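Take a look at the structure below.
The values are calculated or read from the model by the stated rules, or taken from the named source; none is laboratory data. Keep in mind that this is a model prediction, so the values were computed, not measured. Positions of Cβ are backbone-derived with ideal geometry, glycine not excepted, and every protein chain shown enters the neighbour counts. These area figures cover heavy atoms from the full protein model, side chains too; ligands, DNA and RNA do not enter into them. Shrake-Rupley method; radii C 1.70, N 1.55, O 1.52, S 1.80 Å.
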Amino acid sequence: MTDKKYVYFFSEGDKSMKDILGGKGANLAEMTKLGIPVPQGFTITAESCDYFSKNGKWPEGLEKQIKDNVAKLEETMKKKLGDKENPLLVSVRSGAAVSMPGMMDTVLNLGMNDETVLAVAKKTGNERFAWDSYRRFIQMFGDVDMGVEHKFFEEVLEKAKENKGVQFDTGLDAGDLKKVVEEYKKVVKKHAVKDFPQEPFEQLRLSINAVFKSWNNSRAVTYRKLNSITGLLGTAVNVQAMVFGNMGETSGTGVCFSRDPSTGKNEFYGEYLMNAQGEDVVAGIRTPQPIAELAKGMPEQYKELVAIRDKLEKHYKDMQDMEFTIQEGKLFMLQTRNGKRTAHAAVKISVDMVKEGLLDEKTAIIRVPPEHLDQLLHKRLDEVAKKKYDVLAKGLPASPGAVVGKVVFNADDAVAMAEKKEKVILVRTETSPEDIKGMNAAEGILTARGGMTSHAAVVARGMGKACVAGCSDIKVHEEKKEFKVKDAIVKEGEFITLDGSRGEVFKGQIPLVDPELSGDFGILMEWADKHRTLKVRTNADTPADAKKAREFGAEGIGLCRTEHMFFEGDRIKAVREMILSEDLEGRKKALAKILPMQREDFEGLFTEMKGLPVTIRLLDPPLHEFLPHEEEDIKELSKEMKVDFEKLKSKVEELHEFNPMLGHRGCRLGIIFPEITEMQTRAIFEAAVQCANKGVDVEPEVMVPLVGHVKELALQKEVIVRVADEVMKESGKDIKYTVGTMIEVPRAALTADEIAKEAEFFSFGTNDLTQMGLGLSRDDAGKFLPSYVDMGIYAKDPFQAIDQDGVGSLMKIAIKHGRSVKEKLKCGICGEHGGEPSSVEFCHKIGLNYVSCSPFRVPIARLAAAHAAIKQGK
């Protein structure tokens, strides 16, 4: 016989035992300790669920412990399970260590059978109540424990109401409900092919098993995945004496929150129903009353409930979500837990609780999950209006925010329509750098292919544009200017609505709600900045992006992608001219046209950043990305540039690469064509000089991409230093600057001690480091990566959150080797991971100096960095 304890009476536990008793069980035990009126009962541990899930049976000793605790409950309540005179009825509820509302199963009124229903009727003098409780039990038990679908019971109940000519079940009397019970038993017999069980302990055994099994139902598994809930043993099971809200007009039940979970206001919030059980409140069949109305009907009970609300909130120091039942005038609390809330409410509650003296700043910061700030920074759909629309298609929530616009299928149309002040959404099979102007003109972007770090996703986040990517439900026909979703066709010019925060697409125009960056948000961010040590920069290519990022608190630019500037207006022509040039002189002539434009770009960025560091990455993509690939487009370009079609076509073919990601790009371009690096360096330093002449402080950091060998960096550095010296000599101005590299090739990480001899800073390009380190193409891996995550091969998509064991190890090696040569070597990250909270925490732990992310993720990174510092401090 085992002596392991699997069952705890409520009086034996407390809130610290959440891991084994679950949140609900631990809080019921805590409320019992606080002297709050709680119907008594016991909790079966999550360890029992874990054993059951693995072995398909109860662990040794569990049955005896359950029977002992049933006896203890019978003694406490002075009632017995299955007794023909004074029967005990219980509820059986789930409760994991992390709240998962509505995801697992519940059974109420357990212990009801053909004999106890008569005893309950006699004992209470309320025959209707007894038969109502019995029919509810058969319905719940039949659904949860015997697999009989809810709808079959509903059909019987609807028919009974129809025959009686009443709208609600409260209109049925005891005689009607007796007939319903008989019909329900027939439904069970027909669909479960066995009789409804009458023996109470057998009912209890089956219900406990059903709750254990519900831990792995599809709802619960999906909820855990979506909310990154891992490492739990299973659900605990709470067996609790029933109290009844359906005993007449002095009984009722309700759900309430100690503060408003939508706005965060310190107002008692909730609703209740008289003569009802808990499931009636959430089922929506009868409309509940606002909690304030209870003060009129039952002032004493309302006063007691408000006192309990205050006591629990002060005790837990958090907003509470509570369930209560009033049985014939007596109030009982059935549950309390920390309430779910919107991002807006989370910020307000945290700040208010510091002002009220309930919390300190650090706890208030930890209470607001960084990823929830997304909701605050972008327009969102009007939730009320949204209910009238069906989701047309679902993809990946690649860039947050909600937008409405007319559908367009190419970048030129997007620009043309936007110039006419029309709001458009660019729909593409997938985007490429050539679409940049169209993406900039559009309100939002929808793609059929690509992942969370695809071109569309990365650029959209950088621009703060809503984006739904990888929406495989849609088939895009660019030439016909339409897309299909199953039987529906959406044509150019028709309105759609995108919700980039949820990855949803709707047909039509759903009203939007503006973001509210309230005073409370500003206060919380001030506290976060005070407690974090990691700096937060932004990835920005334009002064507008830089300005937005500064408003959000960015402390510099960690990545300016110069190639994005090459696609605008007349520049692309000059870039193409350079690519098509036969000799150095031709290339230099074309680059001379780009120079003043690049200089102007950098001047704008330096001016906007007012002395904060600006990291400029030299040209990164392969040259073929600047040329068209379709024959029609090549013909058009040959006319426009007055270049022979065959010559142009052969140049496109010559530049074609089988694997461009590993091809002629990054520093490899600058080494073979040093004149490109010369032009870009000159533009940077001439811009710096012009700013310095105007009294603007400038701190350029020139970053060489895709270095794998120290000699590559040395060759590029020699060009940068030479040109920088030339510009400073010509102008007579001395500009303080640094030259560093991106660490994105695994060889660079492994030889970082060599590279650090030439580099003054490292910046981890984790998008490419993940691709090369894991051998995964981010544009193709979307086909199977979600399955890998489901199967637990990777805990999260490695393109969304840093693969800490693999890519993270390369980062640690690079930092250790680099700082062995230069102790104070500045190290940052500029991949998209720089705005993802778990990645930010990892960057803090391994000693990075800063993270850099798209402008709209800057506040998220600031808060995540504060979380990391506070957790490490603890």
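Data overview
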{"item": "Filter result for the condition that a residue is in contact with a helix residue (DSSP H, G or I) (Cβ under 9 Å, 6 or more places away or on another chain) and closer than 18 Å to Leu662 by Cα, over Val745, Val789", "result": "Val745"}
{"item": "Qualifying position, being hydrophobic (A, V, I, L, M, F, W, C), touching a residue at least 40 places away in the same chain (Cβ under 8 Å) and under 30 Å from Pro543 (Cβ atoms), among Ile684, Ile671", "result": "Ile684"}
{"item": "Wholly within the range 1-109, strands (runs of 3 or more DSSP E) carrying at least 3 residues that are within 33 Å of the chain's Cα centre (by Cα) and surrounded by 23 or more Cβ atoms within 10 Å (Cβ to Cβ)", "result": "90-95"}
{"item": "Those helices (runs of 4 or more DSSP H) lying entirely in the range 163-247 with at least 2 residues over 30 Å from Asp797 (Cβ atoms)", "result": "174-192, 200-214"}
{"item": "Residues of the range 775-793 classified as part of a loop (DSSP other than H, G, I, E, B) and open to solvent by 50 Å² or more (accessible area, probe 1.4 Å), total", "result": "8"}
{"item": "Test set (1) free of Cβ contacts under 8 Å to residues at least 60 places away in the same chain; (2) assigned to a helix (DSSP H, G or I); (3) under 21 Å from the mean Cα position of the chain (by Cα) - Ile802 fails condition number", "result": "(2)"}
{"item": "Test result for Glu202, closer than 30 Å to Glu47 by Cα, free of Cβ contacts under 8 Å to residues at least 40 places away in the same chain, open to solvent by 70 Å² or more (accessible area, probe 1.4 Å) and not polar (S, T, N, Q)", "result": "yes"}
{"item": "Single residue of the range 592-646 satisfying the filter (of a type in the set (Val, Ile, Thr) and either assigned to a helix (DSSP H, G or I) or buried (at least 19 other Cβ atoms within 10 Å of the Cβ) (or both)) that is modelled with the lowest pLDDT", "result": "Ile634"}
{"item": "Conditions (1) open to solvent by less than 50 Å² (accessible area, probe 1.4 Å); (2) within 28 Å of His344 (Cα to Cα): number failed by Asp413", "result": "(2)"}
{"item": "Residues that are surrounded by 21 or more Cβ atoms within 10 Å (Cβ to Cβ) and in contact with a Phe, Trp or Tyr (Cβ under 7 Å, 6 or more places away or on another chain), drawn from the range 144-170", "result": "Phe153"}
{"item": "All positions within the range 844-874 that are over 20 Å from Phe521 (Cα atoms), of a type in the set (A, V, I, L, M) and either in contact with a helix residue (DSSP H, G or I) (Cβ under 6 Å, 6 or more places away or on another chain) or not in a loop (DSSP other than H, G, I, E, B) (or both)", "result": "Ile846, Val851"}
{"item": "Exclusive hit being farther than 21 Å from Leu108 by Cα, of a type in the set (Asp, Glu) and touching a residue at least 40 places away in the same chain (Cβ under 8 Å), set Asp318, Asp360", "result": "Asp318"}
{"item": "Any pair with Cβ under 9 angstrom, 6 or more apart, that starts in the range 479-500 at a residue that is of a type in the set (Ser, Thr, Tyr) and ends at one that is open to solvent by 70 Å² or more (accessible area, probe 1.4 Å) and assigned to a loop (DSSP other than H, G, I, E, B)", "result": "Thr497/Tyr389; Thr497/Gln509"}
{"item": "Given (1) closer than 20 Å to Arg219 by Cβ; (2) open to solvent by 10 Å² or more (accessible area, probe 1.4 Å), number of the condition Phe141 does not satisfy", "result": "(2)"}
{"item": "Selected residue (only one of Glu323, Glu371 is modelled with pLDDT under 95, open to solvent by 20 Å² or more (accessible area, probe 1.4 Å) and part of a strand (DSSP E or B))", "result": "Glu323"}
{"item": "Selection within the range 699-751 - part of a loop (DSSP other than H, G, I, E, B), open to solvent by 30 Å² or more (accessible area, probe 1.4 Å) and under 26 Å from Gly556 (Cβ atoms)", "result": "Lys733, Asp734, Lys736, Tyr737"}
{"item": "Candidate set from the range 391-410 (those that are under 26 Å from Leu373 (Cα atoms) and open to solvent by 30 Å² or more (accessible area, probe 1.4 Å)); member that is farthest from the chain's Cα centre (by Cα)", "result": "Val391"}
